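Below is one structure, written out as C-alpha cells; the observations come after it.
The values are calculated or read from the model by the stated rules, or taken from the named source; none is laboratory data. Fair warning: this is a prediction, and the values are worked out from it, not measured in the lab. Here Cβ is always computed from backbone atoms with ideal geometry, including for glycine, and neighbour counts include all displayed protein chains. In case anyone asks, the SASA skips ligands and DNA or RNA and just uses the protein heavy atoms, side chains included. Shrake-Rupley method; radii C 1.70, N 1.55, O 1.52, S 1.80 Å.
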Amino acid sequence: MADKGACVSVEEFLKQCQLSGDAAYGALRSVLERLENPDTRSQARIFLSEIQKRFDTKEARDQCFSTYHFQIEDILLDQYQGYQGRKKLTMMVIPSIFVPEDWSYTFYEGINRHPDSIFKDRTVAELGCGNGWISIAIAEKWLPLKVYGLDINPRAVRISWINLYLNALDENGQPIYDEEKKTLLDRVEFHESDLLSYCRDHEIQLERIVGCIPQILNPNPDAMSKMITENASEEFLYSLSNYCALQGFVEDQFGLGLIARAVEEGIAVIKPTGIMIFNMGGRPGQAVLERLFERRGICIKKLWQTKILQASDTDISALVEIEKNSPHRFEFFMGLSGDQPICARTAWAYGQAGGRISHALSVYSCQLRQPNQVKKIFEFLKNGFQGISSSLDLSFEDDSVADEKIPFLAYLASTLKENSYFPYEPPAGSKRFRGLIAGFMKTYHHIPLTADNIVIFPSRTVAIEHALRLFSPQVAVVDEHLTRHLPKQWLTSLAIESTGTGDCSEGALAVIEAPRQSDLMIELIKKLKPQVVVTGIAQFEAVTSSAFVHLLDITRELGARLFLDISDHFELSSLPGSNGVLKYLAGTRLPSHASIICGLVKNKVYPDLEVAFVISEEEYIFNALSKTVELLEGNTSLISQYYYGCIFHELLAFQLADRHQLVERKCETVKSVDMIGFASSAISVLNDAELSIDGVENGSLIHMDVDLNFLPIPSSVKAAIFESFARQNMAESESDVTPSIKQFVKSNYGFPTDNSTEFIYADHSRALFNKLVLCCIAEGGILCFPAGSNGNYVSAARFLKANILTIPTDVNVGFKLTEKTLSVVLETVKNPWVYISGPTISPTGLLYSNNEIGEILSTCAKFGARVIIDTSFSGLEFDYESWGGWDLERCLSKLKSSCEPSFSVSLLGGLSLKMLNSTLRFGFLILNQPKLVETFYDYPGLSRPHSTIRYAVKKLLSLIEQKAADISDALLHHTRTLRSRSKCLKEALEKSGWDVLEPCAGVSVVAKPSSYLNKIDKLKISTTDINSNGNAITDDSNIRNAILKATGLCINSSSWTGIPGYCRFNIALEENEFNRALKCIAKFKEIALN
C-alpha cells in the first residue's frame, strides 16, 4: 500500500479527493500510512508540501476545501514581540471534524496567560483535540513530557496525526528538533477516546488537562446511540464535535453536562497537584459556570475572558424554553460591544430581527482543594452512585468549613465503598472514636488517657441525666445552665426537706439549680450537702485550675460525686486555648469521685450535630456508664461519631507520635469519705442484665446477642446516607419526615393518625420506650411484659424503677400473648400498661395476626390499659402474603364506644431493620392521647435525629413506598436470607441437642438447650449450682457463659428472653460470621457432651 501510495501524483490525489468527502478521507489515510512508515515518511511530507503550495492564497484554500474536501493552512503563533518559538503551525482540516475558530483561538490565548513553567516536563491531555493544533502548539511552546490529544471522532484523530507529522518534519521531510533534541513525535500522541477514557483505561495519571469542550444547546437523548466508526457519515462525525447526548448530570439543563462529565473524569486521573484548564461559553451565566466547578471541590481562577459572536445557524430556542419553565436566565449580549446581558428570549427576538448576538467566552484554571479527599468522594460516586452526584456541594465560602466537611465526606465515601455492612461497636462508643479522643488529649493536652477511660453519649444532656439516674441521689446540685432538659419532676421535687435522714438511695431525686460561679456554687454545696454535683466553670475561671481544685476538694470532703462539664471550653483546634481543668489532668490523675463531661457541638458545619463523652479513670464507673448507654439509648449514633472522629483525625494526622515526653502524674493522696454508690435498682440491673459483651481483649467474638442487622447494606441506603451529608442549604421541608412516617404506619400497620396526633422522634426507639416507662411511673402504672419480651427493654424498665409484672405465656402458642391469659392478669392490676412487641415478636420471631392483635386490644380496652405496640423489630416478615398484615384502624374503630377512658394505644417503632442496616438508626413514637403527650414532654432529654438522618430516612421511606427496585429487591433478599438462616440454625441446633422454636420473621431465633441442662459443667462455669457429688451443673442461667468461654460465641440466655430455658440467637450476621457461629455450636456440643 505504501509503495502504491508513493506513485500517486498530486493530480491523481486531488482527483480522488474530488469524488467525495469520504473519498478524500480515504486518500488522506493512505498518506498517513506513508507518514507512519519511516521508509516513506520523508517523501510523504514533501508530497504534502507540494499540495500546500498549490493552494497558497486564502481564496485557493477555500476553493480546495469546497472542491477537494480538505484544506491546509497556517496558524500564526508569533503574536507578540520577543516570541522565541516557532512562528506558525501548518494544519489540515476536513469537513467531518471541528474547524479551528474563535472558541479554540480564545482558549489558546487563555492558556498563554499561564506562566511558561505550567506545561514544562508535564504529562498533559487535551480533550476534544479536533485537528490537534492546540496539543501540537502546547508541545511546541512549553516542551511537556507528553501530550495526549484525545477525541471521540476517529477521523479527527487520523487528521491530528497527519498534522503532527506536518509540524514534526520540515518541508523537505527532515525532523525538526527542539532545544532538548526532541521532535514533536517524541512529545505528542493522538488517540480515539470518549473524553478521558483512554487515560483511565491505560492508567495514565495526568498533571495537566485542557479542554475546549462545546456546550449542548439542545440535548438529543438519541444522538450517541449509533456506533462510532471512521466510516460513519460526515454529518454524524461532525455532530460528535457537539456531543449532542444528555450526560446524566444536573448541568445538562444548561448545556453543560459534557463539561461536567469531563471535570469528574478529570478528577479521577489528575494528580493531586494537577491543573485543569477549560474553555467555557458564557451563555448559562458566569455564576452557573463557576458553580459547576466549585460544587465539585474545585478552586477556580479566570484566566481570560472575551466575547464572540453567536453562530448565525445556532438555534437557541431550546434556551428560551428553559427560561420559560424555570427562573433561570441565560446570558447573551447585543453585538460585540454590548455590555449589558440580555436573556435568551430577548437574544432570540433580536437575532430573528437581523441583529447579531454574542456571548462571553472564558478560560478557567481549576485545581482541586483537598485533592486526595475529593478524589475519594468521586471514586465512590462513580462506583454505582452517579445518581446522587447532583446533590454534591463542595463549595464553601469559609475554608474552615471546607477543611472539616470534605475530609468527612471522603471518609464516609470510603467507609460506604469498602464495607458491605457496619461492624459491631460496643455501647461505650466506637473504639476508633474513643481512641482518637484519647489521642487528642494525649497529643494536645498531655493527658495519658486510653479508650477505656472514655464513654460516648448522644449528647451532654443525656450524659448528665444518665449519671444522675445511675447514682439516684436524693439531692443533686446542678449548674443552672445544664438543667434545661432534665425531667420536670426533678426540678420541682421537695425531697430536699428530708435529707437529714441520710437516706439517699431510692428517694425522689431533687435537683437544685445553682449559679456557675465557683464561690457561689461551693457555698451552696456546703449548705445543701448534695450527693452529686454537676457543674461547668465560668469563662473567667476556666483559664486556671484553681476553681476546679476547689470543687474537687469540697466534693471529696462531703463524699459527693462531681461531674464537671468542660463543653464550653473544649476547642477542636490545632491551637486549643488554655484550659485549667485539662492542665490539672496533665499533672494529676482524675480523682475517683470525679468525672469530666464534654459535649461536642463546636463543629463548623452542623451546629446541631452533637456527641458527648465522659472521662473517668475508674474502671467500675466506665463500665457502669457504658451499660447505661446500652440500656437507655441502645447506642450512640455511629454517623455522628464518624463526623467528630474525622475532625479529631485531621488534628492528629500531621502530628509525630510520642514527640513529647509525658510527665508522671500525681495520684490523689487525700482519702475520700464514703461516697454515694450506684442506686440499688441500678446495681441489680447492671449485675444481672445480659448486656452485650465487649470483645476488646478478644476481637474474635461473634455477636448473636445484639439487636442489630449485619447483612449487606443496599446501595440505595448507602446513597441516601451519603447524599444527606453531601447536600448544603437543606430546606426544612426536605427533612420533615412526619408525612412519610404517617404513610409508613398506615401502609404497614393501618395505624390511625389525625391532626391531633403527636409524632416524636429520637436516635433510637429504646430511648423513646424509656420515656414511656417514665410516663408509666408518673401515672402510677404497672408495666406488664409478656413472658418472652426483649430482655433489654425489661432491664431498662427495672433500671428506671418501674413497677413490673410478667404476663405468663405458653410454649403451645409460641409464647404469644393471648386474650385469656391477658384477661386473668388485668383483672388484678390497677392502672395497667401493656407492652406488646409486634407484628414481629422479639425475640421469638413469631407474628401476631390481625385477629390476634384485635383480640388483645379488645381486652386491653375493656380494662382501660395503656398499650405500647413496639414495631421496632418488624419489617422483615418471611412470608408477608400468607401473614396478611395489620389493620389497626379498623380494630380500634370498633373499640371506640366500649373502651374505658384511660385506654390508649401508642405506636413505637424503629426503622433500622426496615432500612436494612445497623447504622441509620431512627426511632419514632406516635401518641394519640393528649394527657399522655403532656406527661411525655415532662421528660425532655431526648437525643433527636439530626437533619441529615431525617433527610435520609424520608428519602428511603419514599423509595419503600414506591417499591423502588433496589430497596425492594434488597428487602426480598434479606427476608429470604433470614428464612434460610433460621432453617440452617434450626438444623445445626437440633443436631446439637437444642429444641428450636422456628421463627416467621425478624432477626432472632430462640432455642432450648435441652441436652445440656442439669449436666456436669466440664468448663467449671458455675460456682453456685453444685450437685451432691460436688460437680458444677449447667443450667439455663449459665449456658451463655459456658458457650462464650468454650467458643467465643455470644448469645442470650433465658434470663434475657424471659422464657424459662430458652436462649436467643441473632441470625442477621455477616455471612462468614454466621458460618463461624454454626461451627461454634457444633464445637460446644463436642466439648460439653463428649
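The table for this structure:
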read-out	value
Cβ-Cβ under 6 Å pairs, at least 6 apart or on other chains, the stretch 110-126 side open to solvent by less than 80 Å² (accessible area, probe 1.4 Å), far side of a type in the set (S, T, N, Q)	Glu126/Ser135
Verdict on Ile1087 being more than 24 Å from Ala787 (Cβ to Cβ), assigned to a helix (DSSP H, G or I) and at pLDDT 95 or above	no
Residue count, the stretch 361-413 (criterion: open to solvent by 60 Å² or more (accessible area, probe 1.4 Å), part of a helix (DSSP H, G or I) and within 15 Å of Tyr606 (Cβ to Cβ))	1
Top-ranked residue of the stretch 848-875 - restricted to ones that are polar (S, T, N, Q) and part of a loop (DSSP other than H, G, I, E, B), ranked as farthest from Ala778 (Cα to Cα)	Ser849
Leu1013 vs. criteria open to solvent by less than 30 Å² (accessible area, probe 1.4 Å) and within 20 Å of Thr1047 (Cβ to Cβ)	no
Filter result (within 12 Å of Leu691 (Cα to Cα), of a type outside the set (Val, Ile, Thr) and in contact with a Pro (Cβ under 9 Å, 6 or more places away or on another chain)) within the stretch 613-634	Ser626, Lys627, Glu630, Leu631, Gly634
Top-ranked residue in the stretch 790-808 [being among the β-branched types (Val, Ile, Thr) and in contact (Cβ under 8 Å) with a residue 40 or more places away in the chain; ranked as nearest to Thr828 (Cα to Cα)]	Thr806
Every pair of residues 6+ apart whose Cβ atoms lie under 8 Å, when the first sits in the stretch 957-985 and is within 26 Å of Ala1082 (Cβ to Cβ) and of a type outside the set (Val, Ile, Thr) while the second is open to solvent by 60 Å² or more (accessible area, probe 1.4 Å) and modelled with pLDDT of 90 or more	Ser982/Glu998; Lys983/Glu998
Cβ pairs under 6 Å, 6+ apart, first in the stretch 184-209 and within 24 Å of Glu36 (Cα to Cα) and among the polar types (S, T, N, Q), second open to solvent by less than 10 Å² (accessible area, probe 1.4 Å) and at pLDDT 95 or above	Ser193/Leu150
Within the stretch 348-360, considering residues that are in a loop (DSSP other than H, G, I, E, B) and of a type outside the set (Lys, Arg), the one most open to solvent (accessible area, probe 1.4 Å)	Ala353
Condition met for Val933 (at pLDDT 90 or above, farther than 30 Å from Thr415 by Cα and assigned to a helix (DSSP H, G or I))	yes
Residue that is within 22 Å of His946 (Cβ to Cβ), open to solvent by less than 20 Å² (accessible area, probe 1.4 Å) and at pLDDT below 90, where the choices are Gly599, Gly634	Gly634
Options Ile357, Ile322: the member that is out of contact with any Ser or Thr (no Cβ under 8 Å at 6 or more places or on another chain) and closer than 16 Å to Ile308 by Cβ	Ile357
Residues located in the stretch 423-458, provided they are open to solvent by 10 Å² or more (accessible area, probe 1.4 Å), part of a loop (DSSP other than H, G, I, E, B) and not β-branched (Val, Ile, Thr)	Pro423, Tyr424, Glu425, Pro427, His446, Pro448, Leu449
Leading residue by the ranking (nearest to Ser391 (Cα to Cα)) among those in the stretch 727-782 that are of a type in the set (Asp, Glu) and crowded, with 16+ Cβ neighbours inside 10 Å	Asp763
Neighbours by Cβ (under 6 Å, 6+ apart or cross-chain): first from the stretch 726-737, within 18 Å of Phe922 (Cβ to Cβ); second surrounded by 10 or more Cβ atoms within 10 Å (Cβ to Cβ) and of a type in the set (Ser, Thr, Tyr)	Arg727/Ser391; Glu734/Tyr951; Ser735/Ser947; Ser735/Tyr951
Cβ pairs under 6 Å, 6+ apart, first in the stretch 528-549 and within 15 Å of Ile566 (Cβ to Cβ), second among the hydroxyl-bearing types (Ser, Thr, Tyr)	Val533/Thr555; Glu541/Ser518; Val543/Ser578; Ser545/Tyr584; Ala547/Ser518; Phe548/Tyr584
One residue from Ile75, Ile97 being part of a loop (DSSP other than H, G, I, E, B) and over 23 Å from Arg208 (Cα atoms)	Ile97
Filtered residues of the stretch 975-1011 (kept if in a helix (DSSP H, G or I) and hydroxyl-bearing (Ser, Thr, Tyr))	Thr975, Thr977, Ser980, Ser982
Qualifying position, being within 30 Å of His649 (Cβ to Cβ), of a type in the set (Val, Ile, Thr) and touching a strand residue (DSSP E or B) at 6+ places or on another chain (Cβ under 8 Å), among Ile342, Ile275, Ile357, Ile308	Ile275
Residues (open to solvent by less than 60 Å² (accessible area, probe 1.4 Å) and polar (S, T, N, Q)) located in the stretch 156-194	Ser160, Asn163, Asn167, Thr183, Ser193
Conditions (1) surrounded by 15 or more Cβ atoms within 10 Å (Cβ to Cβ); (2) over 28 Å from Glu397 (Cβ atoms); (3) more than 28 Å from the chain's Cα centre (by Cα); (4) not small (Gly, Ala, Ser); number of the one not met by Leu336	(1)
Odd one out for Leu491, checked against (1) under 16 Å from Val614 (Cα atoms); (2) part of a helix (DSSP H, G or I); (3) touching a strand residue (DSSP E or B) at 6+ places or on another chain (Cβ under 8 Å); (4) not polar (S, T, N, Q)	(1)
Residue satisfying condition, being in contact with a strand residue (DSSP E or B) (Cβ under 7 Å, 6 or more places away or on another chain), modelled with pLDDT under 95 and within 24 Å of Gly439 (Cα to Cα), within set Phe563, Phe570	Phe570
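Rundown of residues vs (1) assigned to a helix (DSSP H, G or I); (2) within 24 Å of Asn623 (Cα to Cα); (3) open to solvent by 30 Å² or more (accessible area, probe 1.4 Å); (4) modelled with pLDDT of 95 or more, yes/no style:
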{"site": "His466", "(1), (2), (3), (4)": "yes, yes, no, yes"}
{"site": "Leu486", "(1), (2), (3), (4)": "no, yes, no, no"}
{"site": "Glu497", "(1), (2), (3), (4)": "yes, no, yes, no"}
{"site": "Ala508", "(1), (2), (3), (4)": "no, no, yes, no"}
{"site": "Val533", "(1), (2), (3), (4)": "no, yes, no, yes"}
{"site": "Phe540", "(1), (2), (3), (4)": "yes, no, yes, no"}
